[in-house]
Amino acid sequence: MVVGETISQGRDYRPSLFTVVIKTLSYQPIAGNSRWYNPLRCVRPLRGNFLLPIGTANAVGLTNPGYRWWCKKVAPSVDFSWQRLVGSVSPEGSTVDQFAEMVSRLSQFRFVALEINPFCPNVTGYSAEKVVEYTKAAKEATPKPLIFKVSAAQDVSAIIPKVEGKIEAISINAVPWKLAFPEERSPLAHLDGGAVSGKPAQKRNWNLLQWIRVISPDIPVIGPDIWEYQDIARLEELGASASSFGAL
């Protein structure tokens, strides 16, 4: 799977090669931190030995024009007959009823599934009880399979058991900078640090994957942070049912 801001709205790579998760949408437009005139304002490449790229830091912050824009401007140009797309939605800025309305509307398109993204590292987030409420509303609003996106910054053991029976799979978000590099200043400190993906996120996120397999062994987990070909085999060994790369 290709996920997140990596390909924006599914128009920058050949979608036929992957199942593509579109940029997360919200009920109302969210300015976030991304600016078209300065894209590197909220994204930085991370480099290791010999300056080789090892991942990405980002503080995009759910920037998107709102789901109505996607329905009007993007959906008409998407050929769902050959593109396997997953819609991604955030409850940020919406009531439970508004979130259900958005999920219901997006369900009219031929997404193979919908992803609920309540734990973006660059926004405030919600209590476990509120997340369960939004998830229940989404389940009632769509016949589509639901993917529930979690974060290493949350206590998943207090959340996942409460959404079992309402979701069909789990995906994993980028790791907040302060968890990945607690002793280092983020290049995005001016935007509260941001989050990292790729190799720097593997240890925490792959440990999280293993923990999810313990507390909810029957729910498929999409393993994150592929950076090299051998990462796919490693994720399979850890119990992932699928693999993803590109979670900005």
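Results, tabulated for the structure shown:
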item: In the stretch 195-232, the residues that are within 19 Å of residue 43 (Cβ to Cβ), over 16 Å from the mean Cα position of the chain (by Cα) and assigned to a helix (DSSP H, G or I); result: 199, 200
item: From the options 10, 93, residue that is out of contact with any helix residue (DSSP H, G or I) (no Cβ under 7 Å at 6 or more places or on another chain) and at pLDDT 90 or above; result: 93
item: Filter result (at pLDDT 95 or above and hydrophobic (A, V, I, L, M, F, W, C)) within the stretch 81-90; result: 86, 89
item: Positions within the stretch 47-62 being surrounded by 15 or more Cβ atoms within 10 Å (Cβ to Cβ) and either in contact with a Lys or Arg (Cβ under 8 Å, 6 or more places away or on another chain) or free of Cβ contacts under 8 Å to residues at least 40 places away in the same chain (or both), in sequence order; result: 54, 55, 56, 57, 58
item: In the stretch 13-37, the residues that are in a loop (DSSP other than H, G, I, E, B), under 15 Å from residue 84 (Cβ atoms) and modelled with pLDDT of 90 or more; result: 22
item: Subset of the stretch 68-102 (residues that are surrounded by 22 or more Cβ atoms within 10 Å (Cβ to Cβ) and more than 16 Å from the chain's Cα centre (by Cα)); result: 99, 102
item: Qualifying residue in the stretch 165-173 (condition: farther than 16 Å from residue 119 by Cα and either in contact with a Phe, Trp or Tyr (Cβ under 7 Å, 6 or more places away or on another chain) or exposed (fewer than 13 other Cβ atoms within 10 Å of the Cβ) (or both)); result: yes
item: Only one of 227, 177, 211 that is buried (at least 17 other Cβ atoms within 10 Å of the Cβ) and over 23 Å from residue 114 (Cβ atoms); result: 177
item: Hits in the stretch 126-160 - residues which are loosely packed, with under 15 Cβ neighbours inside 10 Å and either at pLDDT below 95 or among the aliphatic types (A, V, I, L, M) (or both); result: 127, 129, 130, 155, 157, 158
item: Residues (under 16 Å from residue 171 (Cα atoms) and of a type outside the set (Asp, Glu)) located in the stretch 228-246; result: 232, 235, 238, 239, 240, 241, 242, 243, 244, 245, 246
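Every residue, every condition in (1) touching a residue at least 24 places away in the same chain (Cβ under 8 Å); (2) farther than 27 Å from residue 56 by Cα; (3) of a type in the set (A, V, I, L, M), yes or no:
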{"residue": "100", "(1), (2), (3)": "yes, yes, yes"}
{"residue": "105", "(1), (2), (3)": "yes, yes, no"}
{"residue": "112", "(1), (2), (3)": "yes, yes, yes"}
{"residue": "126", "(1), (2), (3)": "yes, no, no"}
{"residue": "136", "(1), (2), (3)": "yes, yes, no"}
{"residue": "150", "(1), (2), (3)": "yes, no, yes"}
{"residue": "153", "(1), (2), (3)": "yes, no, yes"}
{"residue": "157", "(1), (2), (3)": "yes, yes, no"}
{"residue": "185", "(1), (2), (3)": "no, no, no"}
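The values are calculated or read from the model by the stated rules, or taken from the named source; none is laboratory data. The structure displayed is predicted, hence computed values, not measured ones. Every residue, glycine as well, gets a Cβ built from its backbone with ideal geometry; the counts of neighbours run over all protein chains shown.
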